1. Put a dot 7 Å past each Cα toward the Cβ at residue 200 and residue 302; how far apart are the dots in nm?
2. So for the chain, what are the equivalent ellipsoid semi-axes in whole Å, largest first, each being the square root of 5 times an eigenvalue of the Cα gyration tensor?
3. Could you tell me how many degrees, from 0 to 90 and to the nearest 10, lie between the Cα long axis of helix 2-17 and the main elongation axis, the longest principal axis, of the Cα atoms of the chain?
4. Rounded to the nearest 0.05, what FRET efficiency do residue 225 and residue 342 have when you use their Cβ-Cβ distance and R0 = 30 Å?
5. To the nearest 500 deg cm²/dmol, what mean residue ellipticity at 222 nm is calculated for the chain from DSSP H runs of n ≥ 4 alone, each contributing -39,500 (n - 2.57), summed and divided by the residues?
6. If packing is taken as the average number of other Cβ atoms within 10 Å across a peptide's residues, how do 255-266, 122-133 rank, most packed first?
7. Nearest 0.05, what FRET efficiency do residue 112 and residue 282 give at R0 = 25 Å with Cβ-Cβ as r?
8. By how many nm would the segment from residue 321 to residue 333 lengthen if fully extended, with 0.36 nm per residue of separation less the alpha-carbon distance?
C-alpha cells in the first residue's frame, strides 16, 4: 500500500511539475532553477538557491534557509525533412503541433546545525515531445499523426555535511518518475517483437530511485571546486511499450558525472565553469544503434535496437556581477556535441535532440532582506543535423534531416528565512 501511495504522489507531482518537458542537452535540461539557467546551467561549484541540490547535493550547505519556486516557459521549434527517398516520402515535416510548455520547479533548504543541512527539490529533469500532424512515416506504412511525449520528474530529499572547515559532502536520494507515450509509428510493426505494444498505447508510467553524490571544496576564500556523480538509475519498465524499447520496455536514467570551478575574482564578480558527462550510450533503449533493426534484430528484444545516441559532454561557462546591493546580473554560454549520429536520424525524427549551444542572460532583484525575484532567458541556437546513410534501401533510401531550436524564459521567487 505504501508503494502504491508513493507512486500516486509522484504521478500527481508530475502532472504539476513535469509537463511534457522539452530539454536541450540530449533530453536533459541545461540547468535547474532560474539562477542556474541564467549562467548556462552552472551549479556544480556555484550554489545559488534551494535548487542547488539538482546540480550538486553538497551545494545546499552554502545557501542557508530558503524556499524557491520557479517556472520556465519553453518555446521549441522541431521539424524534419526526408530527401532522395524512392518510396515517395520526400517532404518537410513540422512537429510543433504543441508549441509551448510550462515546467515548474521548487526547492526548500534548511540548516540543521552549523555543519548539517537538509533540503528537498522537485524538478523536471528533462524530456522530449514531438507531434507531427503530417506523419513522416506514412509512406512506409504508418497511419494517423506521429510523435512521442516523454517527461521525467525528480523529487530529491538531500543532506549536506561539512566534514572539515572547507570540505562539504552531499547526498540526494532521487525518487524518479517517468511517463511516455508514442503514436503513429505502426510502420515499424514488422520490425517489432511485440507490435501490439509498439505504438498508440496511451501514457505509460515508470518509477525508480537512485542517488546523487557531491563534494564542494573551498580551496581558498576565492576558489571553490566541485565534483558530482549520479549512477545509472534503474527504472521500472514501460510495459505498454515493450515492443518499442529494448529489454521489453526498459528505459533507465543514464549515469552523469561532472566537475566545476568557481572563482570570485573580486567581491562583486564571479566566474564559473562546469564540465558534465551524460552516458546515454549505456542505456540500451537510448544508446543501442538502430542499424540492427534492418538486419534482423527486433525492437523490444533483449539488447535490441534503440535510438543510437552517443554520450554527451557539456561545457558550461558563466559569470555573475553584483551591480548594486539589490541587483545581480548573470550571463553564460554552453556547448555540447549533440547525441545523434548522422546515420541514426530516421528513428530520431521522433526525438530530434540536435541542439548544441546556448546563450543565457538573467538577473536577480533583492526586493528586501527576505524576498527576491529572478529572471532568465536562454536561447538555443537553431541547428540542423543532415542524415548520412540514414534510410536503408529496403525503405527506399535517401536521408532524414533533423532541425531543432529553443527559447526558454524562466522566472522564480525566493524567500530567505
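Values in this text are rule-based calculations from the coordinates and carry no lab data. Predicted, not measured: the structure shown is a model, and the values here were computed from it. Every residue, glycine as well, gets a Cβ built from its backbone with ideal geometry; the counts of neighbours run over all protein chains shown.
1. 3.2 nm
2. On the way: eigenvalues 303, 97, 66 Å².
For the chain, the semi-axes come out at 39, 22, 18 Å.
3. That works out to roughly 90 degrees.
4. Working: r = 37 Å, r/R0 = 1.23.
FRET efficiency, residue 225 to residue 342: 0.25.
5. Values: 4 runs with 29 residues, N = 417.
Dividing the helical sum by the residues of the chain leaves -2000 deg cm²/dmol.
6. Numbers: 255-266: 18.1, 122-133: 23.5.
In decreasing order of mean packing, 255-266, 122-133 become 122-133, 255-266.
7. On the way: r = 36 Å, r/R0 = 1.44.
Once the sixth-power term is evaluated, E becomes 0.10.
8. Numbers: separation 12, 0.36 × 12 = 4.32 nm, distance 1.56 nm.
Extending this stretch completely gives an extra 2.8 nm.
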